[in-house]
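Below you'll find the structure, written out as structure tokens, and then a few comments.
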């Protein structure tokens, strides 16, 4: 098997992009004659004419265009992988600040951190609580590196967003309380209106809560003591209280609210360590 000379492909890709051996030589920091010699070597290595040289410049053959379409993304990925190995090695140090509300700190995120720290043990994480605060604003002022939260995918030229998953809202009652009140998997709206609701101010559009609290864990502490029903993101219950005897239910006529879990970061301010973690999270998704 012939040894592959990757430098030939690099030169071929630059010539295809610029349509000029002279411009490609300038980008690569070599002489035009070196570019020409390497292209001849590539033709010999592949046994196929990939480029035609004319007085007016370089023309990519049909086979060359097809080959370029396949190899360019592969080569770009190879260069990025090599860059990651060089720049982010196990000895790399750094702090990644993640802004998130309590409900966004999912088990999945913690597992991703754990796996990432096994690869890069000197990387540290700091959680910044953002209950009711402007997370996007903190990204833009570099107070945090990454924002994890249930939010919309609205466009912002400086903010990149990756969808990590989706959850829906459910009502929850403690098991004995549910039995006493006749709560099943779906209840009538009239019954719902008669039940005391515990919730976060401004979060619930269909009923004014009898008890206001500041976070979902506080709602749960009231609910588990049989003081009423709570409104939660289903992921919160499943991940934080999987063994607590509770009944999840819906209400007739109230469509379950759905939200996307989003990872957001500033494309202008993100550092390479935080970006590597984002790619790790995206790959685990």
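Taken together, the values in this text are just the output of simple stated rules run on the coordinates, not laboratory data. Keep in mind it's a predicted model, so treat the numbers as computed, not measured. So basically every Cβ, Gly included, is an ideal-geometry build from the backbone, and we count neighbours across all protein chains shown.
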Between 111, 163, 255, where does the largest GNM mean-square fluctuation fall for the chain, given springs only between Cα atoms within less than 10 Å?
255
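Given 25 °C and 0.890 mPa s, compute D for the stretch 6-87 with the Stokes-Einstein relation, Rh being the Kirkwood radius over Cα pairs; round to the nearest whole µm²/s.
188
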May I ask what percent, to the nearest 5, of DSSP beta bridges between residues of the stretch 167-259 are antiparallel?
60
Modelled FRET efficiency - R0 35 Å, residue 272 with residue 239, Cβ distances, 0.05 increments:
0.70
Points 7 angstrom from Cα along the Cβ direction at residue 248 and residue 111: gap in nanometres?
1.6
Rounded to the nearest 500, what is the 222 nm mean residue ellipticity of the chain from helices alone, with -39500 (n - 2.57) per DSSP H run of 4+ residues and division by all residues?
-13000 deg cm²/dmol
How much of the DSSP beta bridge set in the chain is antiparallel, as a percent to the nearest 5?
60
For the pair residue 18 and residue 142, how long in nm is the line joining their label points, each one 7 Å along Cα→Cβ?
3.3
Would you kindly calculate the mean projected area, averaged across all directions, of the convex hull enclosing the Cα atoms of the stretch 205-285, in square nanometres?
8.2
Work out how much length residue 217 to residue 31 would gain on full extension: take 0.36 nm times their residue separation and subtract the Cα-Cα distance, in nm to one decimal.
60.4 nm
Based on alpha-carbon centroids, what's the gap between the stretch 1-69 and the stretch 112-150 in Å, whole number please?
44
Return the single residue from 161, 97, 180 with maximal mean-square fluctuation; model: Gaussian network over the chain, springs between Cα atoms under 10 Å.
180
Any idea what the alpha-carbon Rg over 2.2 N^0.38 Å comes to for the chain?
1.49
Using a cut-off of under 19 Å, list every residue of the stretch 9-34 whose amide N is near the label point 7 Å from the Cα of residue 54 along the Cα-to-beta-carbon line.
15-24
Considering only 247, 186, 172, give the residue with the highest GNM mean-square fluctuation for the chain, with springs between Cα atoms whenever their separation is below 10 Å.
186
Could you please tell me the mean projected area of the C-alpha convex hull for the stretch 167-259, averaged over all directions and given in square nanometres to one decimal?
5.3
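For a Förster distance of 45 Å, can you work out the FRET efficiency between the beta-carbons of residue 92 and residue 185, rounded to the nearest 0.05? Let's see the in-between values first.
Numbers: r = 49 Å, r/R0 = 1.10.
For R0 = 45 Å, the calculated efficiency reads 0.35.
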